[in-house]
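Note sheet for the following structure.
The values are calculated or read from the model by the stated rules, or taken from the named source; none is laboratory data. The structure displayed is predicted, hence computed values, not measured ones. Neighbour counts are summed over all protein chains in view; Cβ atoms, including those assigned to glycine, are modelled from backbone coordinates with ideal geometry.
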């Protein structure tokens with residue numbers, strides 16, 4: 001018979017490392033570029049990120065704390081999401097460093113701040129996929145008792161999409177071909193997608 005390890009998070013997990021992030025994994029990375037509105041640039045990766053709606057296309061990420069990214073989006077109403085591929089993994093990791101507000105993470109990681117088409121915020125020129133976004137909501141997350149947490153959930157509508165055309169096969173985007181880097185659990189675990197691991201399951205028809 002299978003045994004179950006149970007714990008209540010509020011009382012601690014009692015394990016060498018919190019398993020929460022490893023269970024909800026792998027996750028796409030929210031590599032978000034923003035601007036101060038006065039010329040300052042910021043680029044930071046967020047582990048809690050995903051797409052949340054089809055029409056209009058909405059994406060969201062959670063910032064644990066009121067960080068520069070959130071402050072910039074509050075000020076300008078704009079941001080870009082940049083796809084982290086394996087070839088950009090080291091640069092993405094460099095932008096996760098806790099540095100002063102005036103530090104430009106594009107320069108820090110040796111990346112190009114490319115002009116966007118719809119929004120004023122630049123994106124990562126080396127990224128194979130980019131979403132240009134306008135802010136729709138910023139929510140302060142609460143716990144089950146209604147108490148505020150440090151986290152802010154940022155939602156944005158995708159108003160422009162840049163696609164490396166080599167990732168299209170007969171007009172269909174090839175997820176594995178982009179070699180996206182995905183966040184796992186633990187302090188340093190990441191995963192990749194391989195085409196040979198793809199499964200197809202069509203929805204049941206009524």
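I'm told residue 93 meets every condition in (1) within 13 Å of the chain's Cα centre (by Cα); (2) within 17 Å of residue 151 (Cβ to Cβ); (3) surrounded by fewer than 17 Cβ atoms within 10 Å (Cβ to Cβ) except one. Can you identify the failing condition by its number? Tallying (1) within 13 Å of the chain's Cα centre (by Cα); (2) within 17 Å of residue 151 (Cβ to Cβ); (3) surrounded by fewer than 17 Cβ atoms within 10 Å (Cβ to Cβ), residue 93 fails exactly one: (2). Scanning the stretch 165-190 for residues that are touching a strand residue (DSSP E or B) at 6+ places or on another chain (Cβ under 8 Å) and over 30 Å from residue 16 (Cβ atoms) yields a count of 6.
Considering the conditions (1) free of Cβ contacts under 8 Å to residues at least 24 places away in the same chain; (2) outside any loop (DSSP other than H, G, I, E, B), residue 188 is excluded by exactly one of them, (2).
Scanning the stretch 13-45 for residues that are surrounded by 13 or more Cβ atoms within 10 Å (Cβ to Cβ), farther than 21 Å from residue 67 by Cβ and in contact (Cβ under 8 Å) with a residue 12 or more places away in the chain yields a total of 4. Selection of the stretch 74-84 for residues being closer than 21 Å to residue 125 by Cβ and out of contact with any helix residue (DSSP H, G or I) (no Cβ under 6 Å at 6 or more places or on another chain) yields 76, 78, 80, 81, 82, 83. When we screen 4, 10 for residues that are surrounded by fewer than 17 Cβ atoms within 10 Å (Cβ to Cβ), without any contact (Cβ under 8 Å) to a residue 12 or more places away in the chain and outside any loop (DSSP other than H, G, I, E, B), the only hit is 10.
Can you spot a residue in the stretch 49-63 that is within 13 Å of residue 182 (Cα to Cα), surrounded by fewer than 17 Cβ atoms within 10 Å (Cβ to Cβ), under 15 Å from the mean Cα position of the chain (by Cα) and modelled with pLDDT of 95 or more? The answer is yes, given that some residue of the stretch 49-63 is within 13 Å of residue 182 (Cα to Cα), surrounded by fewer than 17 Cβ atoms within 10 Å (Cβ to Cβ), under 15 Å from the mean Cα position of the chain (by Cα) and modelled with pLDDT of 95 or more.
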